[in-house]
Amino acid sequence: MPETKSILFAGSDEGMMDQVSEVLNGIATYSLTGVGESGDLLLKILDKDIDLAIIDENLAGMAGSKLIQIIKKSRPRIPLIIISSGESKEEFARVLEQGVFYFIIKPINGQELKEAVESGLKTGA
């Protein structure tokens, strides 16, 4: 029986949570936990054994770049997939410099997210 992977989704948009859940269907055996605020995200990262995190950069409560710094300091091995509405090359370069595994620009492309999650789970294994 395959090992269950723990994926954390952090975003305040419930429709995006449904879309992420739909994309993940059939990838691997996983448990998906959703949180809507940055404080809840940090608590889950610290309390739970997370294999991968998908984070909407517009998450309520804290700037995305600060959130990435905190997560990378406390749990550097967790692959982070950041979803953003920004399209600038500077923003893309900035988040990758912070150690983000993958950067997705909205609207979410299901195939792109699926491939990023599969690759991230292999990397973090």
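The values are calculated or read from the model by the stated rules, or taken from the named source; none is laboratory data. Remember, it's a predicted structure, so these values are computed and weren't measured experimentally. Neighbour counts run over all protein chains shown; Cβ positions are idealised from the backbone, glycine included.
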Count, please, the residues in the stretch 70-119 that happen to be among the small types (Gly, Ala, Ser), within 20 Å of residue 58 (Cβ to Cβ) and in a helix (DSSP H, G or I). 3
Filtering the stretch 43-59 for residues that are without any contact (Cβ under 8 Å) to a residue 60 or more places away in the chain and closer than 19 Å to residue 91 by Cβ leaves a count of 6
Just name the residue that is farthest from the chain's Cα centre (by Cα) out of those in the stretch 72-101 that are over 16 Å from residue 113 (Cα atoms) and touching a residue at least 40 places away in the same chain (Cβ under 8 Å). 77
Breaking point among (1) of a type outside the set (Ser, Thr, Tyr); (2) surrounded by fewer than 19 Cβ atoms within 10 Å (Cβ to Cβ); (3) farther than 17 Å from residue 120 by Cβ; (4) in contact (Cβ under 8 Å) with a residue 40 or more places away in the chain, for residue 69: (4)
Filter the stretch 1-42 for residues that are more than 20 Å from residue 118 (Cβ to Cβ), touching a residue at least 12 places away in the same chain (Cβ under 8 Å) and part of a helix (DSSP H, G or I) and give the result. 38, 39, 40, 41, 42
Go through the stretch 92-125 and report how many residues are closer than 14 Å to residue 55 by Cβ and among the charged types (D, E, K, R). 1
Taking residue 53 as meeting all but one of (1) part of a strand (DSSP E or B); (2) at pLDDT below 90, write down the number of the exception. (2)
Testing residue 54 on (1) farther than 17 Å from residue 30 by Cβ; (2) touching a Phe, Trp or Tyr at 6+ places or on another chain (Cβ under 9 Å); (3) aliphatic (A, V, I, L, M), one condition comes back false. Which one is that? (1)
